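Everything below concerns the one structure shown next.
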Number of protein chains: 2
Amino acid sequence: MKTGEDRLVRKITQALAFRGHSGLALGVGDDAALLQPRPGRQLVLSCDWFLEGSHFLRDKHPPDSIGWKCLARAVSDVAAMGGEPRCFLLSLALPETHTGKWLGGFLRGLARAERRFQCHLAGGDTTRNHKILINVTVIGDVPTGRAVLRSGAKPRDLIFVSGRLGEAELGLRSLRSERPSGHENRTRWIKKHLYPEPRLALGRWLAEKRLATAMMDLSDGLSTDLSRLCAASRVGARIAIDKIPKVALPKEKGRTLLGLTELALHGGDDYELLFTVRPKQADAVPSSFQGLALGCIGEITRERQLMLAGPEGLEQKLPAHGWDPF
Amino acid sequence: MKTGEDRLVRKITQALAFRGHSGLALGVGDDAALLQPRPGRQLVLSCDWFLEGSHFLRDKHPPDSIGWKCLARAVSDVAAMGGEPRCFLLSLALPETHTGKWLGGFLRGLARAERRFQCHLAGGDTTRNHKILINVTVIGDVPTGRAVLRSGAKPRDLIFVSGRLGEAELGLRSLRSERPSGHENRTRWIKKHLYPEPRLALGRWLAEKRLATAMMDLSDGLSTDLSRLCAASRVGARIAIDKIPKVALPKEKGRTLLGLTELALHGGDDYELLFTVRPKQADAVPSSFQGLALGCIGEITRERQLMLAGPEGLEQKLPAHGWDPF
């Protein structure tokens, strides 16, 4: 009596389901999933498209990286609120040709992400399509009142980012390039592009310590995302070129500082955290957190525009040149 | 500083956002939405694809029906658990040509559904695509322990359905047909296909009264969905052809009983409820609930197969011939 869709669902649940975890009273296999909320906490809800052609390429991206990344991206939104992921819903549309080996690889990457982020499959929807379409909804939670929003930044707050910006974009370029650069860090950049690590521990720590006044994850590039944080907080920002943590490249590679700055300002997919801290609390932010570098790149201003200060102190307006599908 | 995506999000939130409702502490415009869970209740989580070409046709389906139906379908899964919808996440991928008039119509239908179901926009994701892609996640809740699952049916339980089955399928056929039939009920069938009504009040009532032992919504057709309910409950079923509430058609229209039975057995998209009731509680099920007919169509059996009894008592196996994308 099994239909094709039922067989596909069975394949997915066999690869992923972790029964009895996370307060999931009921997972895949009913009309809906049931989740027991935890007392004293608010739910954190987020969903993300991950579409062939727009977000990944069928012939360039290994299926296990697509499985990892579709969950990592959605979990990153929970990290950016200071929350903890609990479960996810997977909507998957596949060509019939991709329900075998490709699906196996995809599910291996997704299962690895599920374990790493402690975020378990609760349900979803499957259908057939000539292109691979993925949508992931993550349900997380955060102690009530402790979520860090985009809207809390105040003038004079200092602006911080985690990690180095532009690495994932460089990874994507390396992946697309027909002539591999052979650079020793190439694997590292490609890995950051294919298997991003949402900054869950950092986000929770900043929320628990009440250090961050505003926070978001960097998915579309610093210039675009910082302008969104500033718009939500009704403020502006001034950041300094030489303070932005850029990709580390030996000079003899012929890269200009400008090229690396462009990458760091406008490159997407880094999934690092961007957050603001009151000046008197800035000393409480360490230079690294669990091995991840944290750097101050500028400050929030009352004047509602984004300014970029060059090494000689010259300032220019910073346009939002990050990723925009429209 | 606004990007194209930001403008699209603004359009959506202006059409939909109902601030301060539903315990939504934070809606659209941050990395994730925040929802306050209600004490004594479990969360009900469900998501649904709604894709151009598979689930609707750009040139046949009015945009406001696509807006209505994408939410109605997902809400129907919450109804099928006996739950109450609280909020939804909208993932929308559109061609640039559809961000004007088409989007306006879509949002009008969606806003109407949002008010009707008291299920409010909490967040989502937008991107560009050459085809229209929609995914809706609904977050609802249900008193803890009261959700009605697919897996609770026991042998000898009676099987009920709400409404008349096959009407939505007939509506789809009327909509696709180049030669309108002119039948007086044509508008009614098309309306049922375009603007389905999830059976929220019935589902909640059955759960509250503890009348239903198992329940699901009929989205893929009775033959397919009943086989799923039986598989989840590890039972079989025997249903009677002449008890199935079929489309009402005058005989002179030349329709055979067989044609109407096929429609009722295998036609999808009705979003009626299928539920089972212990024999001794069957009398507590009224013949109609708030104007919606409820009919007993057969009973659950220990033997794990689906049998269809004809008018002369002859029995045949019922194959699952409902909608299956694969």
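Magnitude of the charge dipole for the protein assembly as shown, about its Cα centre and with charges confined to Cβ atoms of Lys, Arg (+1) and Asp, Glu (-1), is about 620 debye.
Legend: mean number of C-beta atoms from other chains within 10 angstrom of residue C-beta atoms, peptide B:119-128, equals 4.
Our note on the geometry: Cα centres of the range A:258-307 and the range B:66-101, 36 Å apart.
Kirkwood analysis of the Cα pair distances in the range A:1-103 returns a hydrodynamic radius of 15.7 Å. Each pair of Cα atoms in the range A:221-326 enters the Kirkwood radius, and Stokes-Einstein at 4 °C and 1.567 mPa s then converts it into a translational diffusion coefficient of 87 µm²/s.
Beta bridges from DSSP with both residues in chain A: antiparallel share about 80 percent, rounded to the nearest 5.
Residues whose amide H comes within less than 5 Å of that of A:Phe289, counting only those at least five positions distant or on another chain, are A:Leu294 (H built at 1.01 Å from N in the peptide plane).
Considering only A:Ser287, A:Ser227, A:Ser65, the Gaussian network model of chain A with Cα springs below 10 Å gives its largest mean-square fluctuation to A:Ser287. Taking amide H as placed 1.01 Å from N in the peptide plane, the amide H of A:Asp157 sits under 5 Å from that of A:Ile300, each at least 5 places away or on another chain. What percent antiparallel are the DSSP beta bridges of the range B:150-317, to the nearest 5? In the range B:150-317, approximately 85 percent of DSSP beta bridges are antiparallel ones. When you work out D = kT/(6 pi eta Rh) for the protein assembly as shown at 10 °C and 1.306 mPa s, using the Kirkwood radius from C-alpha pairs as Rh and the Stokes-Einstein form, the result is 61 µm²/s. Put in line by how crowded their Cβ is, counting other Cβ atoms within 10 Å and starting with the fewest, A:Val28, B:Val142 read A:Val28, B:Val142. To the nearest 20 debye, what is the magnitude of the charge dipole of chain A about its Cα centre, counting +1 on the Cβ of each Lys and Arg and -1 on the Cβ of each Asp and Glu? It comes to approximately 480 debye. Annotation: amide H-H contacts under 5 Å for B:Gly82 (H modelled 1.01 Å from N, sequence separation of 5 or more, or interchain): B:Val148.
Which ordering of A:Phe117, B:Phe326 is given by a fewest-first count of other beta-carbon atoms within 10 Å?
With the fewest neighbours first, A:Phe117, B:Phe326 line up as B:Phe326, A:Phe117.
Among the residues of A:44-56, the average count of other protein chain beta-carbon atoms within 10 Å of the residue beta-carbon is 6. Placing a label point 7 Å from Cα along the Cα-to-Cβ direction at A:Ser151 gives distances to the equivalent points in the other copies of 4.1 nm, listed shortest first. Sequentially through the range B:211-224, phi angles give Karplus couplings (6.51, -1.76, 1.60; θ = phi - 60°) of 7, 7, 8, 8, 7, 7, 9, 8, 10, 9, x, 3, 4, 6 Hz, Gly and Pro residues having no value and appearing as x. Sorted from longest to shortest, the spans of the Cα atoms of chain B along the three principal axes equal 72, 53, 35 Å. Exposure proxy shown here: for A:His61, A:His98, the number of other Cβ atoms within 10 Å sets the order, fewest to most, as A:His61, A:His98. When DSSP beta bridges are restricted to pairs lying wholly in the range B:4-143, around 70% turn out antiparallel.
When only alpha carbons are used to place a centre, the range B:189-252 and the range B:127-145 end up 22 Å from one another. Our compactness index for the range A:150-317, the C-alpha radius of gyration over the empirical 2.2 N^0.38 Å, is 1.03.
Where a number appears in this text, it was derived from the coordinates with a stated rule and is not lab data. Remember, it's a predicted structure, so these values are computed and weren't measured experimentally. Heads up, the Cβs are rebuilt from the backbone with ideal geometry, glycines too, and the neighbour counts pull from every protein chain shown.
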